[in-house]
Amino acid sequence: MSLRIEPLSGGVLRLTMDRPRAANALNRELHGALVDALDAAARDASVRAVLLTGAGGRVFSAGADLREDLGVPAEEARALRRAMLLRTLLAVVDCPRPLIAVVRGKAVGAGAMLALLADEALMEEGAALSLPEIALGMASPIGAAIVAARGGRTMAQALVQAAEAVAAHAALAAHLVVAVHPDAALDAAAEERAARLGAFDPAAYAANKQWLNAPLREALIRAAEHAAKAGMGDAVHAR
């Protein structure tokens, strides 16, 4: 299985993208598994909070797995990647439970988008975020929408337009993430944070989250439409 699902104590559910040999790249199976798991968590009253992480420790996720595009016409492949990405990102945005990204190593392209769309992200000290698409000659309006919403125009310029990687402590200073921890302390800190958020009234948390995420949700859809009209395959990888 490409996604490991583990119930932890206190109603916390851990989702681990489990493709370490492929740098936890997002293939069709993993996209589908993430959407299904988040939908199931939303309907399960016993789930109070969700942790999202990547297996192996080196890479949270390297973004889209382009090996699935081999033999597929370029335009069709771009449209498919864009549709899968948008579906997964909307599942993250729409999940009513507190969702915390636990980032070890590199979070690249769509991997960085997943981390930044979580309610909160915690990073280990050596981790970094990057959206290098423009350096590969590809636009990323969806990524730009996410970074602008989370970190403002200046951070969007750095991450998206200048293709600069942002290390953990710089991400913390820019308020892209809520905490940075040594690797050995990261899991405990994430589980403690998830338990704290999960202890709040779930209906109240969900209502607030829906309201807070409404502008970003609309921006994601507009960005995907812009990419489609412009003939751009919102670049979501660095592999």
Inset, instruction - Taking the options Thr154, Thr88, name whichever one is under 20 Å from Phe60 (Cα atoms) and either assigned to a helix (DSSP H, G or I) or among the hydroxyl-bearing types (Ser, Thr, Tyr) (or both). - result: Thr88
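Scan region 130-139 and give yes if some residue there is assigned to a loop (DSSP other than H, G, I, E, B), in contact (Cβ under 8 Å) with a residue 60 or more places away in the chain, within 13 Å of Ala112 (Cβ to Cβ) and not hydroxyl-bearing (Ser, Thr, Tyr), otherwise no.
Taking region 130-139 first, the residues assigned to a loop (DSSP other than H, G, I, E, B) are 131-132, 137-139.
Narrowing further to those that are in contact (Cβ under 8 Å) with a residue 60 or more places away in the chain: 132, 138-139.
Next, from what is left, pick out any that are within 13 Å of Ala112 (Cβ to Cβ): 132.
Next, from what is left, pick out any that are not hydroxyl-bearing (Ser, Thr, Tyr): 132.
Yes, that holds for at least one residue.
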Inset, instruction - Evaluate region 161-171: report whether one residue or more is within 15 Å of the chain's Cα centre (by Cα), among the charged types (D, E, K, R), more than 27 Å from Trp211 (Cβ to Cβ) and modelled with pLDDT of 95 or more. - result: no
Inset, instruction - Assess whether Arg81 counts as being surrounded by fewer than 22 Cβ atoms within 10 Å (Cβ to Cβ) and assigned to a helix (DSSP H, G or I). - result: no
Legend entry - For Gly63: the one exception among (1) surrounded by 16 or more Cβ atoms within 10 Å (Cβ to Cβ); (2) over 16 Å from the mean Cα position of the chain (by Cα): (2)
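For region 150-199, how many residues are of a type in the set (Lys, Arg), more than 16 Å from Ser130 (Cα to Cα) and buried (at least 18 other Cβ atoms within 10 Å of the Cβ)? Can you show your working first?
Residues of region 150-199 that are of a type in the set (Lys, Arg), as a first pass: 150, 153, 193, 196.
When the remaining residues are screened for being more than 16 Å from Ser130 (Cα to Cα), the result is 193, 196.
Still in the running and buried (at least 18 other Cβ atoms within 10 Å of the Cβ): 193.
Of the residues in that region, 1 qualify.
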Inset, instruction - Show the residue pairs that are 6+ apart or on different chains and have beta-carbon atoms under 6 Å apart, the first residue being within region 23-39 and within 12 Å of Ala62 (Cβ to Cβ), the second being surrounded by 20 or more Cβ atoms within 10 Å (Cβ to Cβ) and not aliphatic (A, V, I, L, M). - result: Asn24/Gly54; Asn24/Ser61; Ala25/Asp65; Asn27/Asp65; Leu30/Ser2
Inset, instruction - Please list, ordered by first then second residue, the pairs with beta carbon atoms under 7 Å, 6 or more apart or interchain, first in region 217-228 and on the phi > 0 side of the Ramachandran plot, second assigned to a helix (DSSP H, G or I). - result: none
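Each row is one residue, and each column tells you yes or no for (1) at pLDDT 95 or above; (2) touching a Phe, Trp or Tyr at 6+ places or on another chain (Cβ under 9 Å); (3) among the hydroxyl-bearing types (Ser, Thr, Tyr).
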{"residue": "Leu186", "(1), (2), (3)": "yes, no, no"}
{"residue": "Ala199", "(1), (2), (3)": "yes, no, no"}
{"residue": "Tyr205", "(1), (2), (3)": "yes, no, yes"}
{"residue": "Trp211", "(1), (2), (3)": "yes, no, no"}
{"residue": "Ala219", "(1), (2), (3)": "yes, no, no"}
{"residue": "Ala228", "(1), (2), (3)": "no, no, no"}
{"residue": "Ala235", "(1), (2), (3)": "no, no, no"}
{"residue": "Arg239", "(1), (2), (3)": "no, no, no"}
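The values are calculated or read from the model by the stated rules, or taken from the named source; none is laboratory data. All figures in this text were calculated on a predicted structure; none of them were measured in a lab. No Cβ is skipped: glycine too gets one built from the backbone with ideal geometry, and neighbour counts run over all protein chains shown.
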